[in-house]
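One structure is given below, encoded as structure tokens.
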Amino acid sequence: MKRLFLPILIGTYFLTFPAGLIAQPVILDSNHVLQQPFPLYLNNAGFFMDGPGKMPPDEAAKRSFHHFSHYFSSTDKHLPPDKTWWVKVEIDNRLARDTTVIFYPGFQNFVKAYQATGGRYTLVGLCGNMLPASRLSIPHFRQALTLPVRGAAISTFYISIKNLTTYQVDPFRPYLMSRTSLSEVQEKLLDKSRVPDHIFFTGIGMFLIMMVYIVIKWLYQKDAAYLYYAITIFASIAYFLFNYFKEQNNQYWFAEYPMINHLSTDSFIFLSMFAYWRFVRKFLYVDKTKSFLGKYLKAGSNIILTTGIISLVYAWTFRDITGLIKLNSTIGVIMLIAGLYVLYAIRKVNQPLRRFIYGGLLSLVVFYSLGAAYEMVRDTPYAFLPSLGSGTPLLMIGNILEMLFFTLGLAYRNKLETQQLADITVQKAEAEMKALRAQMNPHFIFNCMHTIDAYIFKEQPEKASSFLNRFSRLIRQVLENSQYKLIGIDKELESLELYIKLEQERFDHSFNFRIDVPKELLNNHYKIPPLLLQPYAENAILHGLRHLPANHSGGELVICIADKGDTIVINITDNGIGRTAAGQINERNGKPYTSMAQQLTRQRLEMMPGNSSVTVADLTGSGSTGTIVNIQIPKIK
């Protein structure tokens with residue numbers, strides 16, 4: 001019998017282990033008044049895990065409660081989400097007076113405390129970072145609730161805890177404490193996460209000053225790159241302010257709607273990423289090209305914005321923070337890969353501006369990494385670590401450096417645009433002098449200069465530069481060709497094509513043109529007088545095609561060159577309004593038209609050896625309008 005005594009004793013101990021522990025209430029007397037936080041995860045509380053349902057406290061009271069170690073191997077574990085956890089606490093108040101005890105579970109989503117009295121269970125306390133502020137037991141403090149304890153009696157409490165996620169919650173280490181010890185804990189928590197105000201608000205001030213400057217530049221220059229960067233800065237300011245008030249004073253901007261506060265950080269991150277991608281696209285001018293990078297950045301920014309809206313609507317509708325975090329984590333990985341590709345693609349952009357992009361991103365990566373590292377080691381006793389409270393100051397430094405890089409980049413970009421416009425203005429003046437020396441049609445010169453001025457006024461340097469380059473090429477060719485009495489047909493057609501394309505752009509591509517010439521004529525190097533065809537093409541465009549009604553199917557100018565024995569035949573045909581209608585328009589405008597260029601061309605043809613002629617006729621029949629110019633010149637090598 002004596003041999004069986006020890007095994008029976010050990011078995012009885014383990015069978016009664018939970019009840020034995022729960023039977024040890026927390027004692028309150030003159031020697032034990034919770035001046036220091038009392039850990040409940042030792043031997044003075046029972047724990048029970050329910051499923052995802054909503055078990056009432058009377059049902060939970062009938063369940064078997066276990067020791068903390070039954071569920072957790074250490075005190076740094078989080079409560080698994082989507083399950084309800086129950087804690088049973090008994091407090092033996094040996095003092096004669098009623099008192100209040102603080103139950104401190106740390107940051108959890110929903111915590112409710114019920115007091116058992118004569119078979120009834122009364123809700124006596126609430127806390128949690130997902131509860132409206134008006135329902136908190138302790139004003140402005142979401143990590144603890146109050147338990148009313150009667151004097152000279154044992155009070156029993158059943159406390160339910162439920163988390164939607166492990167995001168923004170503390171490891172589960174429940175304590176009991178007095179109001180005095182709670183004040184000390186609150187102060188320690190604030191000291192732990194308190195960012196020095198002078199550091200924080202200096203950073204916010206720099207953000208605000210730069211945002212105002214960028215907005216003013218956008219209002220003045222109407223450059224979308226400034227607008228998108230202003231949005232990026234605004235999102236950063238809002239992100240830091242939200243986190244500051246939450247970390248410093250445990251305050252939320254939307255105290256009665258905690259879900260909004262939980263979603264706000266993700267909202268500003270999505271907004272910042274969207275504006276950032278759009279800014280890079282505008283900053284590098286890839287939006288004005290048909291490059292793959294420009295399309296990629298535009299599509300990527302649209303996907304970011306759409307995905308952000310969908311994920312936030314989903315989280316708000318279903319209150320599914322866990323799903324939001326999983327979705328955003330997946331999106332974060334995808335966007336990281338996409339961002340790495342953008343960095344790779346940017347290196348192929350042949351612009352000095354890309355250096356500012358790399359500098360800004362490098363600053364972000366370095367200081368965000370330092371901020372994350374500081375958060376991991378800030379609780380360790382490293383004497384060399386500065387007292388920053390959290391990694392936020394390091395994140396702000398990274399953003400400020402990035403902001404300086406991009407602001408300098410925008411200034412440099414503006415300098416390049418100004419220089420480019422100045423160069424175009426100088427080239428324009430030089431082109432005017434060349435055109436005057438070439439004695440070209442002054443109306444054409446004036447109209448080209450007006451087109452360039454319009455592009456400059458609209459701040460479209462690329463279009464102005466392209467138009468000016470083609471105009472300069474035309475002037476140069478006219479100057480070169482005018483030195484000779486005869487030039488090759490290929491050179492004449494090259495100048496003619498340049499001229500028609502300039503007029504085509506001036507009139508918003510309201511007409512098409514085609515030049516047909518047999519290769520034999522080009523290969524045999526036949527020659528014709530320079531600027532022979534340009535006056536007739538000009539007349540067809542300005543007095544025929546330009547006046548076509550808006551509902552017309554489209555103007556057409558065709559230059560056809562044919563080989564007819566010893567003669568070269570050139571036909572210039574247009575489907576414009578015709579000479580009669582054009583003459584009526586000129587009469588109504590009080591500007592009778594006489595083409596000096598055409599008269600000079602006729603005289604030049606008459607001076608050529610052999611039989612040369614030029615005739616102009618109206619197109620008739622089947623309602624068609626327009627003119628056809630027929631030029632015949634002898635073959636000359």
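General remarks:
- Filtered residues of region 263-273 (kept if open to solvent by 30 Å² or more (accessible area, probe 1.4 Å) and either free of Cβ contacts under 8 Å to residues at least 60 places away in the same chain or more than 21 Å from residue 312 (Cα to Cα) (or both)): 267, 268, 269, 271
- Residues (out of contact with any Asp or Glu (no Cβ under 8 Å at 6 or more places or on another chain) and either part of a helix (DSSP H, G or I) or free of Cβ contacts under 8 Å to residues at least 12 places away in the same chain (or both)) located in region 274-284: 274, 275, 276, 277, 278, 279, 280, 283
- Qualifying residue in region 450-471 (condition: touching a residue at least 12 places away in the same chain (Cβ under 8 Å), surrounded by 17 or more Cβ atoms within 10 Å (Cβ to Cβ) and touching a strand residue (DSSP E or B) at 6+ places or on another chain (Cβ under 7 Å)): no
- Scanning region 60-100 for residues that are within 15 Å of residue 123 (Cα to Cα) and either over 48 Å from the mean Cα position of the chain (by Cα) or of a type in the set (S, T, N, Q) (or both) yields 60, 61, 88, 89, 100.
- Residues (open to solvent by less than 80 Å² (accessible area, probe 1.4 Å) and under 22 Å from residue 404 (Cα atoms)) located in region 329-347: 339, 342, 343, 346
- Options 104, 114, 71; residue that is without any contact (Cβ under 8 Å) to a residue 40 or more places away in the chain and either within 30 Å of residue 259 (Cα to Cα) or of a type in the set (S, T, N, Q) (or both): 71
- Whichever residue in region 348-358 is modelled with pLDDT of 80 or more and farther than 17 Å from residue 233 by Cα and, among such residues, is least open to solvent (accessible area, probe 1.4 Å): 353
- Remark: pairs (first residue in region 285-302, assigned to a helix (DSSP H, G or I); second residue modelled with pLDDT of 85 or more and surrounded by fewer than 17 Cβ atoms within 10 Å (Cβ to Cβ); Cβ separation under 8 Å; 6+ apart in sequence or on different chains) = 287/298.
- Where a residue in region 217-235 is under 18 Å from residue 460 (Cα atoms) and its partner, wherever it lies, is β-branched (Val, Ile, Thr) and open to solvent by less than 10 Å² (accessible area, probe 1.4 Å), with Cβ under 7 Å and at least six apart: 226/214
- Scanning region 481-501 for residues that are open to solvent by 10 Å² or more (accessible area, probe 1.4 Å), in contact with a strand residue (DSSP E or B) (Cβ under 6 Å, 6 or more places away or on another chain) and over 19 Å from residue 568 (Cα atoms) yields one hit, 481.
- Within region 466-581, helices (runs of 4 or more DSSP H) holding 1 or more residues that are among the β-branched types (Val, Ile, Thr) and on the phi < 0 side of the Ramachandran plot: 489-506
- Restricting region 68-81 to residues that are open to solvent by 30 Å² or more (accessible area, probe 1.4 Å) and farther than 14 Å from residue 169 by Cβ, the residue that is modelled with the lowest pLDDT: 75
- Residue selected from region 134-186 under the condition under 46 Å from the mean Cα position of the chain (by Cα) and among the β-branched types (Val, Ile, Thr), by the criterion most open to solvent (accessible area, probe 1.4 Å): 166
- The lone criterion from (1) under 18 Å from residue 57 (Cα atoms); (2) in contact (Cβ under 8 Å) with a residue 24 or more places away in the chain left unmet by residue 126 is number (2).
- Candidates 99, 84, filtered to the one that is β-branched (Val, Ile, Thr) and open to solvent by 20 Å² or more (accessible area, probe 1.4 Å): 99
- Within region 205-236, being of a type in the set (Val, Ile, Thr) and open to solvent by less than 10 Å² (accessible area, probe 1.4 Å) holds for 214, 232, 233.
- Against the test of being open to solvent by less than 30 Å² (accessible area, probe 1.4 Å) and in contact with a Phe, Trp or Tyr (Cβ under 9 Å, 6 or more places away or on another chain), the options 309, 304 yield a single qualifying residue, 304.
- Scan of region 86-109 for residues that are more than 22 Å from residue 178 (Cβ to Cβ) and at pLDDT 90 or above, ordered by number: 86
The values are calculated or read from the model by the stated rules, or taken from the named source; none is laboratory data. Computed from a prediction, not measured in an experiment: that's the story for all the values here. With ideal geometry, Cβ positions are generated from the backbone for all residues, glycine too; neighbour counts draw on all protein chains shown. The accessibility values were calculated without ligands, DNA or RNA, using every heavy atom of the protein model including side chains. Shrake-Rupley method; radii C 1.70, N 1.55, O 1.52, S 1.80 Å.
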